[in-house]
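The values are calculated or read from the model by the stated rules, or taken from the named source; none is laboratory data. All values derive from a computational prediction rather than experimental measurement. For neighbour counting, all protein chains shown are included, and Cβ atoms are generated from backbone atoms with ideal geometry for every residue, glycine included. Note: areas computed on protein heavy atoms with side chains; ligands, DNA, RNA excluded. Shrake-Rupley method; radii C 1.70, N 1.55, O 1.52, S 1.80 Å.
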Amino acid sequence: MGPATIIAQGTKLKGEINTDCHLHIDGEFEGNINSKNTVMIGKSGFVTGEIYAQKLIVSGKFNGTTESEVVEILPLGYIDGKIITSELVIERKGIFMGESKTKQSSTDKIHKTTPINKPTNDTI
């Protein structure tokens, strides 16, 4: 897993987090999270705000908006808000209330090609 930042149960934070490492939240956080890695909201975790991450895993509660490549709601996990993702997984007894939109990954995008002008056989 590599380096990780942990917000322990009983801890309340408000603000903005920018991280390249794994983030695990068992306490309460209100604000914005920008992560190039996985954000995990543990069973006792509660997050309100916006999360931009490679992967979001929720077994606690999340209220807000997320734009992540992968979003997983584990059993008894709860998301209320807006999800923009390429892959959404809701396990049995996971709860999602809100709106979800599919995020096109760069490999799925259709590229528009422009025709190449062919040389003509005109002579002078």
- request: Sort out which residues of the stretch 10-29 are under 16 Å from LYS61 (Cα atoms) and not charged (D, E, K, R), and write them in order of number.
  value: GLY10, THR11, LEU13, LEU23, HIS24, ILE25, GLY27, PHE29
message: Anything in the stretch 1-21 that is open to solvent by less than 50 Å² (accessible area, probe 1.4 Å) and either of a type in the set (Lys, Arg) or within 21 Å of PRO75 (Cβ to Cβ) (or both)? List them, or say none.
response: none
- prompt: Picking from GLY81, GLY49, GLY60, which residue would you name as being open to solvent by less than 10 Å² (accessible area, probe 1.4 Å) and not charged (D, E, K, R)?
  reply: GLY60
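Only residues that are farther than 21 Å from GLU69 by Cα and either β-branched (Val, Ile, Thr) or out of contact with any Ser or Thr (no Cβ under 9 Å at 6 or more places or on another chain) (or both): list them for the stretch 11-43, please.
Step one: filter the stretch 11-43 for residues farther than 21 Å from GLU69 by Cα, giving 11-15, 26-30, 43.
Within the stretch 11-43, THR11, LYS12, LEU13, LYS14, GLY15 meet the criteria.
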query: Do the conditions hold for MET40, that is, is it open to solvent by 20 Å² or more (accessible area, probe 1.4 Å) and either farther than 14 Å from ILE7 by Cβ or among the basic types (Lys, Arg) (or both)?
result: no
- line: Restricted to the stretch 77-124 and to residues being modelled with pLDDT of 95 or more and in a loop (DSSP other than H, G, I, E, B), the residue nearest to LYS43 (Cα to Cα) is GLY77
